[in-house]
Every structure is written in C-alpha cells, then in structure tokens.
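Each remark here refers to the structure printed beneath this line.
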Amino acid sequence: MSSFGDRLVHWAKEAKRRRVYTSVIAYVIVAVTIIELGDAIFTALDLPDWSSRLVTILLMLGFPIVIVMAWVFDISAPGVHKTSAKDAAGATEARTPRRARRIAATEIASPRAGRPSRAAAEAEAPEDAPPAPPPDPERVKRAAIGHVRHELKTPINGILGYSEMLLEDLEPLDREDLAADLEHIRTAGRQLLRLIDEILSPERIEEAESVDLEAYGAQIRIDLRNPINAVIGYAELLIETAAETDREQFVPDLERIRTSARTLLERSTDIVEVATAYDPSLASAGRLGEDYSLTEGVLAKARPRFAGTEEGMGSLLVVDDNPMNRDLLSRQLARAGYVVETVESGQQALDLMQERAFDLVLLDVIMPEIDGLEVLRRIKSDERLAEIPVVMLSSLDDVESAIRCIELGADDFLHKPFHPTLLQARIGASLEIREMHRRLAKSTALAHDAEQLTVRMLRGSFPSVITERMRAGESDILETYDQATVLWCDVEAAARTRTRDAGEIGVRLQVLLSTLDRVATEHGIETVTPAGEGVVLAGGVPTPHEDHARLIAEAALDLSERLASNATFDATPVRVGVDCGELTGGVFGEERIEYRLWGEPMDLARLLGAQAAAGAIVVSPNAYRLLRDEFAFATAGVQDVAGRGSMKTYVLEGPA
C-alpha cells in the first residue's frame, strides 16, 4: 500500500513536471466552450441534432489522447519536443531547449587566445563605468575546473550525507546488520571522494597532457567502477532488507544513495573529460566547456574593488540549482532545529523574499540565468531586505570571488564541500550578529525616545537655553538679568471660577496651561515657570532682549483674546499683573532640580495680578513707562499694594 502511494505521488510530480495539468486544463476549457456554443451554432446552420452529440463524443474521446500527448511531448513557447525522463530523486535534470540554446549560443574563449567570451562581455556593470577587462583566462580555467570538480562530487556528497544520517537514525534501534552494510557504503563513498580529489587535482590534470589520454581515461573508469558498484550493491541489499523487516522508512534514503551511485557511474565520462581536458577549448562541446562559460560570466563580475576605483534558531532560505544539494542541506539544517525553505533559482528567491520574512539566506554563487552575485546585489540594494544576513556557498576555489561577495554585503563565504557542523556554526554566528544588531537598533530607538521625552520634560520646566547648557554638562547656573519683564497669571484661581467639580477644574487647568505654552512659544518667550498659584512668563530671560516689555504685553493681550474665545470659559476670568526690573535666575537641587526666578518684579507682578479685576491686565509704573508709546492704557487709579504702599497702576487695553 505504501509502495503504491509512493508511486502515485511520483506520477503526480512527474505529471506536473511534464506540464500535463496545464494541457488538460486548457483542453477542458476549450471543450466546454465548444459544447456550450455548439447548440447555437448548429441551430443557426440548420444542422441535424446528432451532429452536436457527435462533436461532444469526439471531444470526450480526445481527452485521453491529450493526456498521452502532454505526457510524451513538452508543448511550450520555445516549441514542441519530446519530454526527457527524470529520476525521482532529482539526481540528473534534463536540459530544457532554452538552456540548450543559451549554452549553444555561448562563445567559449581559449585560455591561450586570451580573448573575452560573450558571457564576460554581458557581465553587468554600471552604465557610466568603462567596460571591464575580461578575467584572467588561467583564473577562469582554475575556477571552472574547481566548479566541475564540485558538481561531479555532488553524488558522492549525497552518498556520504544520506548514509551518515541513516547511521544516526539506526543507532537507537541497535540494528547492526543494517549498520554494517551502511558502513561499507560510507567507506566506499570516502574512497570515491579520495579518487575524485586525486583524479581532478589541478596537478594531475596538467600532467595528463603528456600521457596516453585513451589509456588514462580507461584506467580512471576502472578505478571508479569498483567502489561505485559496491555502493549500488550494498544499497540494493539494504533496500530488500529494510522492506522485509518493516523498516520501510529507510527505503527512500537508500534509493537516493543508489541513485547517486548510478548518477556517478553515468558521469564517469564527464570525469574522464575533465581529467584529460587540460585546456577548456578542447572540451568546448562538453561539460567543462559549459561550466567554463558560466564561470567566466560570474568571474567577470567577481572582481574586488581595489583602491582607486569609484566605487539558536530561525527561518532559513536555501538557494541552489542542484536538487540534491538543496535536499541534503535543508534536511541537515532542519535536524539542527531551523525552519528551512528551498528554491532552485535566484529569481524565485527574490520573489519569495518579497512575500515572506527570512532570518538568513544560504546562496549558491554559480547558477544559470541569475547568478548568486547578482542575487546578492539585489538583496543588499533593497531597503526591506538589506538587513537579512547572506551566507554565500561556492565551489569556486578563488579568494577574489570571496572578497567580492563580502564587498557586496555577504555576511560569510563558505567553499564547497563544507562540514555540516562548520556551516551550522557560521549560520549561528550570523544570526547572533543580526540579533545583536536588532537589539542595538531597538536600544537606540528606545534611547532616542527617552532622550526626546527628557528634552520635552526639561523644556517644560526649564528655558531651552538652560536645557542645552545642562545637557552639555553645565551644573552651576546662577545669573542676574538687569532688564526683564514679568507677567504673572492667576491660573489656579481662574480654573476654579464658578465650579467646584474636580474634573472640570482639571480640564480648565489643561486649557490654561496649554494656551500659556502656545502663547509663549509664538511670541518668543523662553521662560515659563510656576510661581505660587500662578504661572510666570519672563521676557528677556535667560536670553537678553531689548523689547522684553513689548513681547510680554503682546503675549498678555493674545492670551486674553484666546481665552475669551474658548468655549471652556464663559468670559475671560484670568487676572494678569506685569512689572519690569532686575531678576535673578538659577538651577537648584540635586535629585529634584528646578529653575527658579526671584526679584522685585516677581513679587510685584504677583501682587498686582492678585488684586486685579477678572480679565484685567494690570501694569506697574515701571512697565507703563516702557510700553506707553506703543500700547493704549486705562488708568486704574491709585491703589494700596500689600507691602508696597500706595501705587498708581494702569490697565493694558491694546495697541496704541
């Protein structure tokens, strides 16, 4: 039953890959449209009824034919071609016509000729920058061989990776019979890895120029065949044993191991080609020529900008065009506790990152269509994505490529193949750094908000000039101002007029204090400070101003007008007293600091305001002498001022 279910899932995936669903849906839409319109058409043409039924029957008979044709042939924009078979494990992907045409159209330069290829010429560069010279052919040759070496070792990495995970799963089950055969597979895999490293080493490839290439290639095939056959044989034995002992959960990974070994056997021709093709121009139609072109295009952009040029857990995104790499890497990371999403192309990665948030991206460098360098550049140029850490994964054994990735904003760079533990350590370090950045940004924002709140609180109690001096570290502030004008307003008495309700008093106080604050700000009065049951506005303090008296008079008239038009007050009940003279101000206290003013004008302004009629602005003789040329007054007469004796006072009415 389980085997039938697996085959059914396999058929569904294969149908999707072959675009069967698209063809069937299109056919159904067309058929339904014809059937719906058929009756009307046949009636209009006066055709017999059986003709409509005949068309319907023919359309129904055509349905299975469409399914078979869609399964066998791939019908797409580039044309119609026969669909290639694809292994269930995704070990070998068939080339599409688009990829085939792109590869065929790519011009491959001989390293000895030293001329640039089309891939290098198409490497993106700023529009205003001069064309970049082609990369060093020898560097391209080394990088291309390194990339091919890695790609040819991918099946071996699959053999080792899946066998190690199976051994880990078998350990708690104590199945020595299965573990022994898995150890044989792992040993053969390690032998293959050593052989590939030796056969495809740069020194060995260079030496191949002077040997009999045919005999050398035959020997390579013999050396590889024995360990590959051992892997296939033990894998098949284990598949049979697992099925017989109800351990079918191990069968898919064992099949992947067998598939990887068979893939490696099929690629032995590629291995011989790379091992004997010491000059990429000799393999222009083969695997090395293809990868030489791709590598040259990447290296054309992978130049570091030298001096003098103008220029715990999380959600991970794995971007790699190799399906086995994606599967193996995602499963290893999932075992470590990460939530992993995989895509096979750079464009898919960019689209998915616009839709979902990821904590880190693992990005392959060499990919068709959009390579990893371009994907990295687009990520770091997008403000929404720039903060996401990116770890570059590459088979390029090239220091300059790593430097260029770091310059483009990559957080780390790892050469393939890498140890899973090392990769997890790098991922953990990158995520930790990002978390530190988040915490720092949050702390910075909180500190900024706290600073702004502090500034607002200080400005509510201190003049702005005094606030800036205190923030600069000045503590002993005590100064005398020879000429200043004081306005005292009986705030609390005005708030309590004709009401005893605490809530209403609070509302009136809020209106009064807010109005005073706005009036002071708009008239350039820096100092607003409590004084007894009222509030004082001081002109010319702490910054001297030659028109300090005029500023206070205009502010007093503006305050009276605003309160008179406010619906919270029936009339203008605020009483105001104004006086001029010498003042002293300073900052006092240690734990609870405050800014205080004192002097004769403070006392007299308070006394005049307390004795004034409701809504009146009473001015002392000193203030009257400074204001009489610019403002109109009414004489209040001579009145007794507490502690000051008889005094002639004036009531400010408006501008002259």
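Below is a table of values for the structure above.
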quantity	calculated
Spacing of the two label points (7 Å from each Cα toward its C-beta) at Arg194 and Asn226, in nm	1.2 nm
Cα→Cβ-extended label distance, 7 Å offset, between Met60 and Ile35, nm	0.8 nm
Trypsin sites (Lys or Arg not before Pro) restricted to segment 568-656 and DSSP loop, no more than 10 other C-beta within 10 Å	Arg592
Average accessible surface area per residue within segment 496-546, 1.4 Å rolling probe, Å²	55 Å²
Chain lengthening between Phe588 and Glu432 when straightened (0.36 nm per residue, less Cα-Cα)	51.5 nm
Computed FRET value (nearest 0.05) for Asp351 with Lys13, which takes r as the C-beta separation and R₀ as 30 Å	0.90
16 Å cut-off, amide nitrogen to a point 7 angstrom out along Asp558 Cα→Cβ, residues in segment 617-656	654-655
Rounded to the nearest 10 Å², the accessible area of Lys16 at probe 1.4 Å	150 Å²
Order of exposure, largest accessible area first, which applies to Trp71, Trp488, Trp598 with probe 1.4 Å	Trp598, Trp71, Trp488
Per residue accessible area in Å² of segment 326-365, where ligands, DNA and RNA are left out and the probe is 1.4 Å	41 Å²
Over segment 504-569: Rg over Rh, Cα atoms, Kirkwood Rh	0.99
Point-charge dipole on Cβ atoms (K/R +1, D/E -1) for segment 514-656, about Cα centre, debye to 20	360 debye
Note, ³J(HN,Hα) from phi for segment 509-514, Karplus 6.51, -1.76, 1.60, rounded to Hz, x at Gly and Pro	4, 4, 5, 4, 5, 5
Taking the C-alpha atoms of segment 438-518, convex hull volume expressed per residue in Å³	160 Å³
Low-density loop cleavage sites - GluC sites (Glu not before Pro) in segment 479-561, where at most 13 other Cβ are within 10 Å (DSSP)	Glu546
Semi-axis lengths (Å, descending) of the ellipsoid that matches the C-alpha gyration tensor of segment 412-557	54, 22, 12
Using a Förster distance of 56 Å, the FRET efficiency for Val24-Ala567 (Cβ separation, nearest 0.05)	0.15
Förster-model FRET efficiency, 51 Å R0, Asp49 and Met313, C-beta, rounded to 0.05	0.15
Peptides 435-446, 162-173 ordered by average Cβ neighbours within 10 Å, highest first	162-173, 435-446
Gain on full stretching of the segment that runs from Leu440 to Val399 - 0.36 nm per residue minus C-alpha separation	11.6 nm
Difference of contour (0.36 nm per residue) and Cα-Cα distance, Gln424 to Glu474	12.8 nm
Percentage relative contact order, segment 563-656, counting C-alpha pairs under 8 Å, at least six apart	26 percent
Of the GluC sites (Glu not before Pro) in segment 333-385, those whose Cβ has at most 15 other Cβ within 10 Å and which sit in DSSP loop	Glu369, Glu383
5 angstrom amide H check on Arg575, placed H, neighbours 5+ away	Asp490, Gly615
At 1.567 mPa s and 4 °C, Stokes D of segment 512-656 from Kirkwood alpha-carbon radius, µm² per second	83 µm²/s
Angstrom value of the Kirkwood radius, inverse mean 1/r, which spans all Cα pairs in segment 310-401	13.5 Å
Summed residue charge, Cβ within 14 Å of Val519's Cβ, Lys/Arg positive, Asp/Glu negative	-4
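The values are calculated or read from the model by the stated rules, or taken from the named source; none is laboratory data. All values reported here derive from a predicted model rather than from experimental measurement. Glycine gets a Cβ as well: all are built from the backbone with ideal geometry, and neighbour counts include every protein chain shown. Protein only, heavy atoms only, side chains kept; ligands, DNA and RNA dropped before computing areas. Shrake-Rupley method; radii C 1.70, N 1.55, O 1.52, S 1.80 Å.
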